[in-house]
Every structure is written in structure tokens, then in C-alpha cells.
Amino acid sequence: MSARSIEIKSNEQIRLMRRAGLAVAEALNVMGSAVRPGISTAELDVMARSVLADHNATSSFLNYGAEWGYPPYPATVCISVNEAVVHGIPDSRRLAAGDIVSIDFGAIVAGWHGDAARTFCVGEVRAAAASLVEQTRQAMWAGIAAAARAARVGDIGHAIEQHAKRAPRRFGVVREYTGHGIGTSMHQPPDVPNHGRPRRGARLSKGMCLAIEPIFTLGSPMAVTLDDDWTVVTQDGSWAAHWENTVALAEDGPWVLTEPDGGRAELAARGVRVSKLAD
Ligand code: MF3
Ligand code: CO
């Protein structure tokens with residue numbers, strides 16, 4: 001496969017990617033259950049490493065960047081708190097009640113990658129923050145449902161952007177980071193922007209696997225990278241939420257590889273039936 005061509009997966013390869021997806025789903029579930037006031041983000045990273053070991057998996061994130069001379073990513077999880085948008089590095093910081101925390105995790109099993117993110121509320125959070133988290137989650141599902149029906153990548157971004165526009169509050173839609181193709185490497189073509197025009201962009205086809213990952217903010221969509229070379233924060237200090245799943249577009253429908261139920265419940269609520277591969 002050339003670096004710029006889209007990798008098409010067989011059903012058998014999609015089943016292998018499911019193993020990576022389940023490792024990611026379990027790690028996110030373990031970390032999400034541990035989110036509480038007082039836990040440090042480094043402690044969450046330790047939990048994720050042990051889930052990797054349980055699944056004979058390795059990290060998609062650890063040392064990421066080294067290949068092209070960028071400072072290697074030093075952890076297995078990206079943990080981004082409040083105004084952090086993505087790529088927060090786990091450290092001794094302790095979560096506090098009222099925080100929101102985005103946890104992004106990627107795993108490799110038998111050479112195939114899974115990549116997903118969830119944003120959790122730490123105890124009670126203010127109403128605007130809770131709404132940001134929930135609407136970003138729903139936008140991800142709108143994007144996944146669109147991918148199931150869509151002809152082109154622009155249909156996915158359009159659905160995500162429309163969800164933001166129709167939400168009860170005005171959210172910033174971060175444009176500097178996009179979803180992506182995924183398979184034998186974490187980031188593959190095509191890019192999957194969180195905005196777009198219907199029937200524009202790369203054509204979707206059976207056997208593609210995509211990471212769909214909206215990032216919304218309570219203010220400006222502009223983001224800047226801190227001096228640690230990784231942590232991305234909003235320019236205006238407003239809070240951000242990030243949800244992501246890895247989705248296979250199988251012959252007979254989508255399979256959300258990083259959800260324990262394959263996306264069945266959330267997609268049924270949106271009129272989409274998942275692939276028989278998920279049975
Ligand atoms: N999971 C991120 C994404 O969705 C990438 C993580 S960056 C890394 O694209 F350095 F941690 F790998
Ligand atoms: Co991703």
C-alpha cells in the first residue's frame with residue numbers, strides 16, 4: 001500500500017481490528033470507572049498499560065512522533081483536562097470535582113490499530129460543561145451514522161458540524177485536528193474533518209476503517225500547543241470535549257470496533273443497523 005492510498009480491509013482483517021478495538025474499549029472503561037476526584041492522570045496511564053498487557057497488545061501512542069523526528073509521545077494515553085483539547089501527557093496532576101477529562105487511547109493487536117476517546121465528568125460539573133460533553137458524544141454518533149449512509153467523507157463532517165449548529169449552545173468546532181483512516185497504522189488517509197460539505201471529499205467504500213472524532217469547545221475553536229510539544233489547549237481557555245471511535249465500513253453495514261456492543265444500541269437509535277460481523 002502506498003502511503004497515500006486508502007487501505008481496504010477484508011472481513012477477516014476487520015475481525016482482527018476488532019481485537020484491538022476491544023482492548024481499547026476495555027482500557028477506556030477501566031480508566032473511566034477510575035475517574036474520580038483525587039486520582040492522578042499518571043495513575044490512569046498505569047491502568048491502561050496493564051490492560052494492554054492482558055490483551056497482548058502494544059500502545060499506538062507510546063513513542064509516536066519519533067519516526068519523523070518529533071519529540072516522542074511519552075505515555076500510552078492522552079489525558080486532556082478542561083481547557084486541554086487533545087494530547088495531554090499524564091502526570092502527577094490530580095483530577096478535581098467539576099473537571100472534565102478527555103481520555104484518548106490506542107492499541108495494536110497483531111499489527112492492527114484501534115483508537116478511541118471519551119470525555120468524562122469528574123463528580124458534578126457545571127451545566128455548560130455537561131452539555132459540551134454530551135453534545136460532542138452525540139455529534140460523534142451522528143458522524144458514525146452518516147458514515148454508514150454516506151457517499152463521501154464530507155457527509156461525515158457535515159453531520160458533525162450540523163449537530164454542533166443545532167445544539168442548545170454555540171460550541172466551537174476544532175478544525176486543526178481531524179479523524180482519519182486507520183488500520184495497519186494509526187493515521188492513514190483519508191483525513192476525516194469535523195466539518196464539510198455533503199457529497200464532497202474522498203469517496204467512502206466498503207472495507208474502509210475510519211476514526212471519527214469530533215472535538216468541541218465552549219468558546220473559540222482555535223487551539224495552541226504548549227511548550228511540552230504535545231498538550232494542545234484552547235487559545236481562549238474555554239473547555240473542550242473529545243469523543244472518538246474506530247468504525248469499520250463492512251459490506252453490510254458499520255461495525256464500531258471500539259464499542260463493546262459494536263455500536264448496535266446507539267446506531268439503532270439513529271436508524272442504522274450494524275454489520276452481521278458484529279453478531
Ligand atoms: N489518538 C490520537 C488521534 O486520534 C492521536 C494520539 S497522538 C499520540 O489521532 F501521540 F499520542 F499518539
Ligand atoms: Co484518532
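Tell me whether region 124-132 contains one or more residues that are within 16 Å of ligand 2 (Cβ to nearest atom), touching a Pro at 6+ places or on another chain (Cβ under 8 Å) and not charged (D, E, K, R). Spell out the reasoning first.
First, pick out the residues of region 124-132 that are within 16 Å of ligand 2 (Cβ to nearest atom): none.
No.
So which residues in region 19-44 are touching a strand residue (DSSP E or B) at 6+ places or on another chain (Cβ under 7 Å), part of a helix (DSSP H, G or I) and over 18 Å from His242 (Cα atoms), if there are any at all?
Across region 19-44, the qualifying residues are Arg19, Ala20, Ala23.
Within region 223-240, can you find the residues that are under 22 Å from Ala128 (Cβ atoms), open to solvent by 40 Å² or more (accessible area, probe 1.4 Å) and within 14 Å of ligand 1 (Cβ to nearest atom)?
none
Are there any strands (runs of 3 or more DSSP E) wholly within region 219-267 with 1 or more residues that are closer than 20 Å to Arg149 by Cβ, and if so which?
Per the criteria, 245-250, 253-256.
Is it the case that some residue within region 25-37 is of a type outside the set (Gly, Ala, Ser), within 11 Å of Ala107 (Cβ to Cβ) and open to solvent by 50 Å² or more (accessible area, probe 1.4 Å)? Outline the logic, then answer.
We begin by selecting, within region 25-37, every residue of a type outside the set (Gly, Ala, Ser); these are 26, 28-31, 35-37.
Now restrict to residues that are within 11 Å of Ala107 (Cβ to Cβ): 26, 28.
Subset that is open to solvent by 50 Å² or more (accessible area, probe 1.4 Å): 26.
For region 25-37, residues of a type outside the set (Gly, Ala, Ser), within 11 Å of Ala107 (Cβ to Cβ) and open to solvent by 50 Å² or more (accessible area, probe 1.4 Å): present.
Being touching a helix residue (DSSP H, G or I) at 6+ places or on another chain (Cβ under 6 Å) and not charged (D, E, K, R) is the filter here; which residues of region 75-91 pass it?
Filtering region 75-91 for residues touching a helix residue (DSSP H, G or I) at 6+ places or on another chain (Cβ under 6 Å) gives 75-77, 79, 90-91.
The answer is Ala75, Thr76, Val77, Ile79, Pro90.
Please find, within region 72-87, the residue that is most open to solvent (accessible area, probe 1.4 Å) out of those that are within 10 Å of ligand 1 (Cβ to nearest atom) and closer than 28 Å to Ala248 by Cβ. So that I can check it myself, show each step before the final result.
Narrowing region 72-87 to residues within 10 Å of ligand 1 (Cβ to nearest atom): 72-78, 86-87.
Applying the additional criterion that residues be closer than 28 Å to Ala248 by Cβ yields 73, 75-78, 86-87.
Details: Tyr73: 3, Ala75: 5, Thr76: 3, Val77: 0, Cys78: 10, Val86: 7, His87: 50 Å².
Here the answer is His87.
Of all residues in region 88-131, which are away from ligand 1 (no atom under 11 Å from the Cβ) and among the charged types (D, E, K, R)?
Selection gives Asp91, Arg93, Arg94, Asp99, Arg118, Glu124, Arg126.
With the checklist (1) within 17 Å of the chain's Cα centre (by Cα); (2) within 16 Å of ligand 2 (Cβ to nearest atom) in hand, flag the one item Ala223 doesn't pass.
(1)
Okay, residues lined up against (1) farther than 26 Å from Ala223 by Cα; (2) touching a residue at least 40 places away in the same chain (Cβ under 8 Å):
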site	(1), (2)
Met47	yes, no
Leu62	no, no
Pro90	no, yes
Ala96	no, yes
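If I filter region 185-216 down to residues being under 16 Å from Ile6 (Cα atoms) and away from ligand 2 (no atom under 15 Å from the Cβ), which single residue comes out as surrounded by the fewest Cβ atoms within 10 Å (Cβ to Cβ)?
The selected residue is Ser205.
In this structure, does Ala150 turn out to be at pLDDT below 95, in contact with a helix residue (DSSP H, G or I) (Cβ under 7 Å, 6 or more places away or on another chain) and surrounded by fewer than 24 Cβ atoms within 10 Å (Cβ to Cβ)? Let's see the steps before the verdict.
Details: at pLDDT below 95: yes; in contact with a helix residue (DSSP H, G or I) (Cβ under 7 Å, 6 or more places away or on another chain): yes; surrounded by fewer than 24 Cβ atoms within 10 Å (Cβ to Cβ): yes.
Answer is yes for this residue.
The values are calculated or read from the model by the stated rules, or taken from the named source; none is laboratory data. All figures in this text were calculated on a predicted structure; none of them were measured in a lab. Here the Cβ is made from the backbone with ideal geometry for all residues, glycine too, and neighbour counts use every protein chain on show. The accessibility values were calculated without ligands, DNA or RNA, using every heavy atom of the protein model including side chains. Shrake-Rupley method; radii C 1.70, N 1.55, O 1.52, S 1.80 Å.
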